[in-house]
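Q: Quick one: this structure, given as structure tokens, is what I'll be asking you about.
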Amino acid sequence: GCLEFEPLDHDRFPAVDLAREALAMGDSGPAVMNAANEIAVHAFLADQIPFVRVVPLVQQVLRSHEPATVTTLEGALDWDRWGRQHARELLKAEENQHR
């Protein structure tokens, strides 16, 4: 077989640029992004949000955090908790807005 690689279509796959942004933020960025993504995907699978809302929600959470250095597992878990909580708060605010 033969593999053929094509340039990334950034419009079709915006999460790739978002992941790069998270990495550039330093230690806390990937933890926050992963946590927010898990909450957003769960909300999509539970029919709470449409698929096209997943990446924008993760982006909103990621960009609202202040990047920080993480030196311990507990520090990483703190950012994970923060990302999940912030994503849940945004989802709840959106839900309340649509009522």
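The values are calculated or read from the model by the stated rules, or taken from the named source; none is laboratory data. Here the structure is a predicted model, which means the values were calculated and not measured. In this analysis, Cβ positions are derived from the backbone assuming ideal geometry, glycine residues included, and neighbour counts consider all displayed protein chains. For the accessible areas, the whole protein counts, side chains as well, though only heavy atoms, and no ligand, DNA or RNA atoms are used. Shrake-Rupley method; radii C 1.70, N 1.55, O 1.52, S 1.80 Å.
Q: Hey, can you tell me all the residues within the stretch 29-53 that are touching a residue at least 24 places away in the same chain (Cβ under 8 Å) and either among the aliphatic types (A, V, I, L, M) or not in a helix (DSSP H, G or I) (or both)?
A: Answer for the stretch 29-53, where residues must be touching a residue at least 24 places away in the same chain (Cβ under 8 Å) and either among the aliphatic types (A, V, I, L, M) or not in a helix (DSSP H, G or I) (or both): Ala31, Val32, Met33, Ala35, Ala36, Ile39, Ala40, Ala43, Gln48, Ile49.
Q: Another question, if that's okay. Quick one: in the stretch 77-95, which of the residues that are loosely packed, with under 15 Cβ neighbours inside 10 Å and of a type in the set (A, V, I, L, M, F, W, C) is nearest to Leu45 (Cα to Cα)?
A: Applying the filter and picking the extreme gives Ala93.
Q: Related question: Counting only residues that are open to solvent by 40 Å² or more (accessible area, probe 1.4 Å), farther than 12 Å from His65 by Cβ and over 8 Å from the mean Cα position of the chain (by Cα), how many does the stretch 17-53 have? Full working, then the answer.
A: First, the residues of the stretch 17-53 that are open to solvent by 40 Å² or more (accessible area, probe 1.4 Å): 17, 20-21, 23-25, 27, 30, 34, 37-38, 41-42, 44-48, 50-53.
With the extra rule that they be farther than 12 Å from His65 by Cβ, the set shrinks to 17, 20, 23-24, 34, 37-38, 41-42, 44-48, 50-53.
In the following step, the residues that additionally are over 8 Å from the mean Cα position of the chain (by Cα) were identified as 17, 20, 23-24, 41-42, 44-48, 50-53.
Final tally of qualifying residues: 15.
Q: How do the pairs read when you match residues in the stretch 56-82 that are among the aliphatic types (A, V, I, L, M) with residues anywhere that are assigned to a loop (DSSP other than H, G, I, E, B), using Cβ under 6 Å and keeping only pairs 6 or more apart or on different chains?
A: Val70/Asp27; Ala76/Val70
Q: In addition: When you scan the stretch 59-70, do you find a residue that is part of a helix (DSSP H, G or I) and surrounded by fewer than 17 Cβ atoms within 10 Å (Cβ to Cβ), even just one?
A: yes
Q: Also, quick follow-up: Any residue in the stretch 1-24 that is part of a loop (DSSP other than H, G, I, E, B) sitting within a Cβ distance under 7 Å of a residue that is at pLDDT 95 or above? List the pairs, counting only those 6 or more apart or interchain.
A: Qualifying pairs under 7 Å: Leu8/Val16; His10/Asp17.
Q: Here's something else I'd like to know. Any idea which of Arg99, Arg88, Arg81 is assigned to a loop (DSSP other than H, G, I, E, B), more than 18 Å from Ala15 (Cβ to Cβ) and not β-branched (Val, Ile, Thr)?
A: The unique qualifying residue is Arg99.
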